[in-house]
Amino acid sequence: MYQFLASEGAAGESRSSRPTSSFSDAQLLDAYSQTVVDVTERVSAAVVHLKVQKQTPAGRRPAPPRNGQGEGSGSGFVISSDGYVVTNSHVVNGAERIEASLPDGRSFQARIVGDDPATDLAVVKIDADNLATVGFGASDRLKVGQIAIAIGNPYGFQYSVTAGVVSALGRTLRTQTGRLIDDVIQTDAALNPGNSGGPLVNSFGEVIGVNTAVILPAQGICFAVASNLAEFVVGKLILEGRVRRGYLGIGAQTVPLPPKWLNALQLQTTGGIQVQSVEPDGPAGNSGLRAGDVIVQFEGRPIDSIDALHKALDERTIGRTLRIWVIRDGALKSLDVTPGAL
């Protein structure tokens, strides 16, 4: 049963002890609540509800209906006034039809501009005007513990808001293609199916991540693709329709370098890329790169983050033999590696 709150005060309660209309909203809300309210009002108009009808492979039975619609659903967010919308690859990949609904009640057919399963990111386009937009923030400036707010459409409940904190940074997440997405943000802002593709934003209303996955048996372990990587991939998808890149075949994360290494090795960077795993017979494995190595230089340039490595491994690196420098056992070592095509 539902228990409704009475409009009158409890017996013996002084009416003067209750809030009156003379109090402003700001006085009635604590600072945390006010932040969430302000961000929600600023960002929610740019969040899109996506209904997706996907292709059914020949010889297979149709997928069971979801949300009573016979359609999948997800979220996205508008980044430009001419209708570019960011979402997850797994939301729209293979779609026959995409319907995008805005908070103001308008609906549009969307078309896929570019799709990058390797980072689980995609861009769709709607032909609309007077669109609210949201911008990317800098994920490399995030701190564990800062506010993280997720806006999306879980289970078809449109424009739901959850809030939490950034729980961890530098996580890795394996996509449906088998590739690891590096530098993933972990948050405890509650996410559910349908939140996929929606924005994870900071207290300034900037997108710090694209919500992409949850660990279903767990509570409060959710993941988002970091905004620095997302902004780079989205730009490529809009301009070229795809991201053609080289790959090394490693799982890695950004790490700070100990002061003793900075002084002893006279490095030009304060951060590096620690190799967590190496694919057998991959370009990195064939070059002698090992788990535990810390990459600090790529083709003569200092490199201090996963985002920088992603940008460096562009299509021009495919099939070329490149020199990288790593820290191994406290000493610098050079390796020649030939990136393959992802």
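The chain gives an Rg/Rh value of 1.06, both radii derived from C-alpha positions and Rh following Kirkwood. Computed over the chain with a Gaussian network model linking Cα atoms closer than 10 Å, the most mobile of Ser305, Ser196, Ser33 is Ser33. Taking the chain as a Gaussian network of alpha-carbon nodes connected by springs under 10 Å, the highest mean-square fluctuation of the residues Asp127, Asp183, Asp304 belongs to Asp127. Per DSSP helix of 4 or more residues, -39500 (n - 2.57); summed, then divided by the residues of the chain. What does that give at 222 nm, rounded to the nearest 500? Taking each H run of at least 4 residues, the total per residue is -4000 deg cm²/dmol. In the chain, the longest principal axis of the Cα atoms and the axis of helix 31-43 are about 80 degrees apart.
Shown for the stretch 246-341 is the translational diffusion coefficient from the Stokes-Einstein equation, using the Kirkwood radius over Cα pairs, a temperature of 20 °C and a viscosity of 1.002 mPa s: 163 µm²/s. Quick note on the stretch 129-242: its Rg to Rh ratio, both from C-alpha atoms and Rh being the Kirkwood radius, is 0.95.
If I take every Cα pair under 8 Å that is 6 or more residues apart in the stretch 139-240, average their sequence separation and divide by the length, what percent do I get for the relative contact order? List each step's numbers first, then the result.
On the way: 226 pairs, mean separation 25.6, N = 102.
For the stretch 139-240, the relative contact order is 25 percent.
Against the main long axis of the alpha-carbon atoms of the chain, helix 227-240 sits at an angle near 80°. Its Cα gyration tensor gives the stretch 111-151 an equivalent ellipsoid, and the semi-axes of that ellipsoid, as √(5λ) in whole Å with the largest first, are 26, 17, 9.
None of the figures in this text is laboratory data; all of them are computed from the coordinates on show. Because the structure is predicted, anything quoted here is derived from the model rather than measured.
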